[in-house]
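One structure is given here, and the rest of the page talks about it.
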Amino acid sequence: MCGIVGYVGNESALDVILSGLKRLEYRGYDSSGVALVNGNMFIEKRVGKISNLEDHLAGKNLGGFHVGIGHTRWATHGVPSDINAHPHTGCHERIAIVHNGIIENYAAIKKMLIDKGHIFSSETDSEVIAHLIEYYIENNSFLDAVLKALAKLEGTYGILAISESEPDTIIAARKGSPLLLGIADDAMILASDASAIIEYTRKVVYLEDGEIIEVKKDKMKTFDLERRRIDKKVEDITWDISDIEKQGFEHFMLKEIFEQPETIQNAYRGRIVIDEGLVRLDGITLSRQDINDVRRVILIACGTSFHAALVGEYLIEEFARIPVEVEYASEFRYRRPILLRGDLIVVISQSGETADTLAALREARDRGANVVGITNVVGSTIARECNAGGVYLHAGPEIGVASTKAFTSQIVVLYLLGIFLARRKGMTADEAGALLRELTKIPDKVQWILDRADAVKEVAELYKDTANCLYLGRGINFPVALEGALKLKEISYVHAEGYPAAEMKHGPIALIDENMPAVFAAPFWDEVYAKVVHNMQEVKARSGKIICIATEGDQEILKHADHVLRIPNIGKMLSPLLSVIPLQLLSYYVAVLRGCNVDQPRNLAKSVTVE
Ligand code: G6P
C-alpha cells in the first residue's frame, strides 16, 4: 500500500523524508515523490524506485527546506506515472498533499471544481483533495480550508498537506488509513507506519479516525472534524523495525490473511448502493446494449485466480442465469476456442502480468470478443490491454507468493459482476439489495474467524507430518476445496488433492487409510450438506481422519468430524469467502511448523511472466 512521510524541524526535510520512504519500500509501490516548502514550494515525483527519484534530485540544493511531505504510491486510480505520483497540488503549486486511501466521490468533486475553472493534471482520485483545499483557502486559514475540504470527502484517507501560506506547518488527517506523529527533539515526523520514524524517535501519537492535527516543529494541536480540541496521549513504541514491517506478523502471508476484513471491504467500497440494489462497475466500458446482449461468460485465469473463477461460475449462473465457462488460460489459448456473438470474456489475474492469461486475453480480443479484466495491479499489462475495461481489486500489494487476500477480493468482484449482469436480466432492486446487504456482513464474519486462528493452529500441529491430504467440498465449496489443497501444496510441499466430495468414491477413496486426513468444507445446511456428511462417513469407515469447516451452531457435525473449525452462519453464495479462511490458515501453520519458507516457497514465482 502507499506510504506517507512528513517532516517539520531543523534538519534537511528531504533527507528525513527519503530515509523514511525507504523504510516503507517493503509495502510495495510503483512511484514516489516529495514536496518541500519554505517561502516557495518544490516538488519532484517519479515513477519507479525511490532511487529514480533520488537521481532526479541529485545536484539540487534542497538542504534549506525544513518542512516537507513524501509519498510512495501503489496505484489505485490511474496508471503508475510521474503525473499520477504524489504529492498532488491544486492548479498552482501553493498547496501540496499526499494521500493514502480511496476518495469514493472524487468524480463528483472533480466535476464541481472543473465547473469552477480548476484544471486537473492527473487521473487520481487524490488530486481533488489539493484542489478542494486550494478552493477553500481563498477565504480561510490553512486549517479551516483543510477541514472544509475533508467535509466534502467520502471514502478513506490518511492525508498530509502543506501550504506556502503557512510554510512552518503540516496538517494531517485520518479516516480509515493509518497515520501517526513521531515527536523528536526539535522535530516532528508524520508517517503512515512507525517504521518510517523509529530511527528518530520512539515517542508517538496515533491519530484516530475523524482526527486532524496541526503540526509545527515544536508543537501540535489535535482537533475533531468540528474543530473541537482533542487531547492526545503520547505513547512509546516498544517494538523493533523488523516487527513493524510485517505489522507484528511473522510472515507477509499471515499479514495478508489477516488483512482480509479490510481488503474484502475495499473490493466493494464505493461500488454498491444497497437501497437501490445497484452495482456500479464504472471501469467496465461496455455499452448498455453490449451488456444486454451478453449470452455467455467465459472466465479465464491461472492458479488461485482460476479457483476464484470457478466460484464466479456459480455466482454468475445463479444470479444472472447466463451460462458461464471457466478455462485455464494456458488451455484456452491453444485450442482454437469457438467464440460467439454475445460472449463476454473476463480474464482474472492478481498481478495482471501472467503470461498465459495475457496471451488468452489477446487471443480473445483479436477474435473480436469483448474482454474485461479483473486485476489487482493498476496499470498492469492485462489491465491496459482489455478492450472492455475492467475492475480493480484494491487489495493492496500482495507480497506472499501464495495468494490469499487477492482470492477473496476476486470473489467479491465476481459477486458484484454477477449482480451487475443479473440486474440487466430481470433481477429486482430488492433482490439485489438483499444480496449486497449480505455482502457487507462479510468483513465482520471474516474477523470472527481470524479471532479464532489458534484453533486452526492446534489442528495444524496434529497433522503437520502428514504426507498427503484430501480436500473435499460440493457445489460452490468445491472450488474452495481446490484452493485449500493448492495452498497446502504450494507452501508446505505436502501432497494435497481437491475433489468434489461425491467424486471421492470414483477414485480417491482408494487412498484413504488412517494416515490420510480429509478436509471437508461443509459450511451450511441444505440437501448437499446431508450428502457431504454421507461422504464423511465413507472416510470414517476406512479409518480416515476428518477435519471439517462447519457453520457455527452445527452440532450434527460433531458426530462425524474429528476436528471442527467453525465459521459464522452465512448464505450459500457467500460461504466461500468464509470457508477458505481456515484453509488458508491451516496451510500457513502447517508450513511454519514444517520449517518452510512461507513467503517464498521453492520453485514458485509471484508473477509468472513466462509461458
Ligand atoms: C503464480 C502464483 C499463484 C497465482 C498464479 C496466477 O503461479 O504463484 O499464486 O495464483 O500465478 O497469478 P495471477 O497474478 O495471474 O493471479
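Looking at VAL456, is it under 30 Å from PRO508 (Cβ atoms), touching a Leu at 6+ places or on another chain (Cβ under 8 Å) and among the aliphatic types (A, V, I, L, M)?
Numbers: under 30 Å from PRO508 (Cβ atoms): yes; touching a Leu at 6+ places or on another chain (Cβ under 8 Å): yes; among the aliphatic types (A, V, I, L, M): yes.
Against the criterion (under 30 Å from PRO508 (Cβ atoms), touching a Leu at 6+ places or on another chain (Cβ under 8 Å) and among the aliphatic types (A, V, I, L, M)), VAL456 qualifies.
Here is a check on your reading of the model: is GLU438 under 26 Å from TYR529 (Cα atoms), charged (D, E, K, R) and over 27 Å from the mean Cα position of the chain (by Cα)?
Against the criterion (under 26 Å from TYR529 (Cα atoms), charged (D, E, K, R) and over 27 Å from the mean Cα position of the chain (by Cα)), GLU438 does not qualify.
I need the full set of residues from region 390-408 which are open to solvent by 10 Å² or more (accessible area, probe 1.4 Å), within 11 Å of the ligand (Cβ to nearest atom) and either part of a strand (DSSP E or B) or at pLDDT 95 or above (or both), in order please.
Once the filter is applied, which keeps residues that are open to solvent by 10 Å² or more (accessible area, probe 1.4 Å), within 11 Å of the ligand (Cβ to nearest atom) and either part of a strand (DSSP E or B) or at pLDDT 95 or above (or both), region 390-408 yields only SER403.
How many residues, within region 96-111, are surrounded by fewer than 15 Cβ atoms within 10 Å (Cβ to Cβ) and among the hydrophobic types (A, V, I, L, M, F, W, C)?
Final tally of qualifying residues: 2.
Give the number of residues within region 331-346 that are within 16 Å of the ligand (Cβ to nearest atom) and either among the polar types (S, T, N, Q) or in a loop (DSSP other than H, G, I, E, B) (or both). Don't jump to the end; show me each part of the working.
Quick first cut of region 331-346, residues within 16 Å of the ligand (Cβ to nearest atom) only: 331-333, 345-346.
Checking which are either among the polar types (S, T, N, Q) or in a loop (DSSP other than H, G, I, E, B) (or both) leaves us with 333.
Qualifying residue count, region 331-346: 1.
Which residue pairs have Cβ atoms under 6 Å apart, sit 6 or more places apart or on different chains, and have a first residue in region 202-220 that is outside the structural domain of ALA161 (by TED's automatic domain parsing) and a second that is among the aromatic types (Phe, Trp, Tyr) and assigned to a strand (DSSP E or B)?
none
Which residue out of VAL580, VAL608, VAL598 is in contact with a helix residue (DSSP H, G or I) (Cβ under 9 Å, 6 or more places away or on another chain) and open to solvent by 40 Å² or more (accessible area, probe 1.4 Å)?
The match here is VAL608.
List every residue pair whose Cβ atoms sit under 9 Å apart, with the two residues 6 or more apart in sequence or on different chains, where the first one lies in region 331-354 and is touching a residue at least 60 places away in the same chain (Cβ under 8 Å) and the second, anywhere, is of a type in the set (D, E, K, R) and within 16 Å of the ligand (Cβ to nearest atom).
Final answer for the pair search is GLN350/GLU398; GLN350/LYS606; SER351/GLU398; SER351/LYS606.
Filter region 411-459 for residues that are touching an Asp or Glu at 6+ places or on another chain (Cβ under 9 Å) and small (Gly, Ala, Ser) and give the result.
The answer is GLY418, ALA422, ALA429, ALA432, GLY433.
Could you tell me whether any residue of region 87-95 is open to solvent by 10 Å² or more (accessible area, probe 1.4 Å), over 30 Å from LYS216 (Cα atoms) and not hydroxyl-bearing (Ser, Thr, Tyr)? Even if it seems obvious, please write down each step before you answer.
Going residue by residue through region 87-95, those that are open to solvent by 10 Å² or more (accessible area, probe 1.4 Å) are 89, 91-94.
Next cut, over 30 Å from LYS216 (Cα atoms) only: none.
No, that holds for no residue.
Looking at region 210-285, what helices (runs of 4 or more DSSP H) fall wholly within it and have at least 1 residues that are polar (S, T, N, Q)? Can you show your working first?
Values: elements: 241-245, 252-258, 260-268.
By residue number, 241-245, 260-268.
Considering only residues that are open to solvent by 10 Å² or more (accessible area, probe 1.4 Å), within 11 Å of the ligand (Cβ to nearest atom) and assigned to a helix (DSSP H, G or I), which ones fall in region 347-359?
Step one: filter region 347-359 for residues open to solvent by 10 Å² or more (accessible area, probe 1.4 Å), giving 350-351, 353-356, 358-359.
Applying the additional criterion that residues be within 11 Å of the ligand (Cβ to nearest atom) yields 350-351, 353-356, 358.
Correct list: ALA355, ASP356, LEU358.
Only one residue in ILE300, ILE291 is surrounded by 15 or more Cβ atoms within 10 Å (Cβ to Cβ) and over 25 Å from the mean Cα position of the chain (by Cα), so which one is that? Walk me through it before giving the result.
On the way: ILE300 fails: over 25 Å from the mean Cα position of the chain (by Cα).
Being surrounded by 15 or more Cβ atoms within 10 Å (Cβ to Cβ) and over 25 Å from the mean Cα position of the chain (by Cα) holds for just one of ILE300, ILE291, which is ILE291.
Here's a check for you: in region 541-579, which residue that is of a type in the set (A, V, I, L, M, F, W, C) and assigned to a helix (DSSP H, G or I) is nearest to THR408 (Cα to Cα)? Explain how you work it out, then say what you get.
As a first pass, look at region 541-579 and keep what is of a type in the set (A, V, I, L, M, F, W, C): 541, 546-550, 557-558, 561, 564-565, 567, 570, 573-574, 577-578.
Adding the requirement that they be assigned to a helix (DSSP H, G or I) leaves 557-558, 573-574, 577-578.
Values: ILE557: 26, LEU558: 28, MET573: 13, LEU574: 10, LEU577: 6, LEU578: 9 Å.
Restricting to residues being of a type in the set (A, V, I, L, M, F, W, C) and assigned to a helix (DSSP H, G or I), the top hit is LEU577.
Among the residues of region 360-389, which ones are open to solvent by 20 Å² or more (accessible area, probe 1.4 Å) and either within 14 Å of the ligand (Cβ to nearest atom) or among the basic types (Lys, Arg) (or both)?
Narrowing region 360-389 to residues open to solvent by 20 Å² or more (accessible area, probe 1.4 Å): 362-363, 365-368, 370, 377, 381, 383-385, 387.
Passing the criteria: ARG362, ARG365, ARG367, VAL377, THR381, ALA383, ARG384, GLU385.
Kindly indicate which of GLU431, GLU483, GLU461 is within 16 Å of the ligand (Cβ to nearest atom), assigned to a helix (DSSP H, G or I) and in contact (Cβ under 8 Å) with a residue 24 or more places away in the chain.
On the way: GLU431 fails: within 16 Å of the ligand (Cβ to nearest atom); GLU461 fails: within 16 Å of the ligand (Cβ to nearest atom).
So the residue among GLU431, GLU483, GLU461 that is within 16 Å of the ligand (Cβ to nearest atom), assigned to a helix (DSSP H, G or I) and in contact (Cβ under 8 Å) with a residue 24 or more places away in the chain is GLU483.
Only one residue in ILE549, ILE491 is in contact (Cβ under 8 Å) with a residue 24 or more places away in the chain, β-branched (Val, Ile, Thr) and touching a Cys at 6+ places or on another chain (Cβ under 9 Å), so which one is that? Talk me through it step by step, then tell me what you get.
On the way: ILE549 fails: touching a Cys at 6+ places or on another chain (Cβ under 9 Å).
Checking each option against the conditions leaves just ILE491.
Consider PHE319 carefully, then state whether it is of a type in the set (A, V, I, L, M, F, W, C) and within 16 Å of the ligand (Cβ to nearest atom).
Values: of a type in the set (A, V, I, L, M, F, W, C): yes; within 16 Å of the ligand (Cβ to nearest atom): no.
For PHE319, the condition - of a type in the set (A, V, I, L, M, F, W, C) and within 16 Å of the ligand (Cβ to nearest atom) - is not met.
The values are calculated or read from the model by the stated rules, or taken from the named source; none is laboratory data. Predicted model only: the values in this text are computed from it and were never measured. Glycine gets a Cβ as well: all are built from the backbone with ideal geometry, and neighbour counts include every protein chain shown. Surface areas here come from the heavy atoms of the whole protein model, side chains and all, with no ligands, DNA or RNA. Shrake-Rupley method; radii C 1.70, N 1.55, O 1.52, S 1.80 Å.
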